[in-house]
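Enquirer: Below: one structure in structure tokens.
The values are calculated or read from the model by the stated rules, or taken from the named source; none is laboratory data. Model, not experiment: these values are computed from the prediction. Cβ: placed from backbone, ideal geometry, glycine included. Neighbour counts: every protein chain shown. To get the accessible areas, we keep the full protein, side chains included, count just its heavy atoms, and leave off ligands, DNA and RNA. Shrake-Rupley method; radii C 1.70, N 1.55, O 1.52, S 1.80 Å.
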Amino acid sequence: MHKTFGYLLLFCLVMGVFLLHAGNVRAQTLDFSSFLIDTHKDHLVAVFSIDIQDFEKIRDAMHDGNKMSMHCSIQLYRHRTLFWNKKIHEKTIVIDLEKDLLTGEYLIIFPDKTYKLQELKEDSFDALFKDMSINLSPLEKITPGRNYRLQIGIRVISRDVPKWIKATLFFLPWDIIKEVKYEMDFSF
């Protein structure tokens, strides 16, 4: 009797963990909005906004001194009928999010600019991620009349976890906010 009770308890525990994990996966805390592809000078450019729906999670983590990075990976492909799509351009942009514990300032570090905020309010934080512009490819690599696919993925990870722990405990998820992917097909 004790053995079956133990198995039943183990089964319920495992199912509870899977259901809890599935609930966390379904919740989308990052999203794209106002996405468009345009030209600027001699480049093809992607313009989009990132909507952070779980601001409290990021605010609390930054307030506690956690260092995070938002990784935005972008791939541009030329569509081919008989072969695999040809990758034209790939780029990863890293935006660091942290709090300077000595000054109390919140730092949002883009590749080309650093923003310092005295207070971390949702409106001012969200405004930093509106109408982001990323150069995709020089126009000379784009052939008019061809079909293309753009793939973008964004996730927020913790930078505080040492690499040797991540390698040892490779089965644990280290994402603070799970990756959100977006694909767009277009012709130029």
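Enquirer: Cβ-Cβ distance below 7 Å, separation of 6 or more or different chains: which pairs start in region 52-65 with a residue that is small (Gly, Ala, Ser) and end on one that is in a loop (DSSP other than H, G, I, E, B)?
Expert: Close Cβ pairs (under 7 Å, with a partner that is in a loop (DSSP other than H, G, I, E, B)) amount to GLY65/LEU101.
Enquirer: If you scan region 63-88, which residues turn out to be under 26 Å from LYS116 (Cβ atoms) and at pLDDT 85 or above?
Expert: Going through region 63-88, the residues under 26 Å from LYS116 (Cβ atoms) turn out to be 63-72.
If the condition is that a residue be under 26 Å from LYS116 (Cβ atoms) and at pLDDT 85 or above, then LYS67, MET68, SER69, MET70, HIS71, CYS72 are the ones that fit.
Enquirer: In region 131-146, is there at least one residue being hydrophobic (A, V, I, L, M, F, W, C), open to solvent by 40 Å² or more (accessible area, probe 1.4 Å) and under 20 Å from GLN53 (Cα atoms)?
Expert: Checked region 131-146: no residue is hydrophobic (A, V, I, L, M, F, W, C), open to solvent by 40 Å² or more (accessible area, probe 1.4 Å) and under 20 Å from GLN53 (Cα atoms).
Enquirer: Could you tell me whether ASP160 is acidic (Asp, Glu), modelled with pLDDT under 85 and open to solvent by 70 Å² or more (accessible area, probe 1.4 Å)?
Expert: yes
Enquirer: When you check LEU150 against the structure, is it modelled with pLDDT of 85 or more, surrounded by 10 or more Cβ atoms within 10 Å (Cβ to Cβ), over 16 Å from MET70 (Cα atoms) and out of contact with any Phe, Trp or Tyr (no Cβ under 6 Å at 6 or more places or on another chain), yes or no?
Expert: yes
Enquirer: Something else: Looking at (1) within 22 Å of LYS178 (Cβ to Cβ); (2) of a type in the set (A, V, I, L, M); (3) touching a residue at least 40 places away in the same chain (Cβ under 8 Å), which is the only condition VAL94 fails?
Expert: VAL94 satisfies every listed condition except (3).
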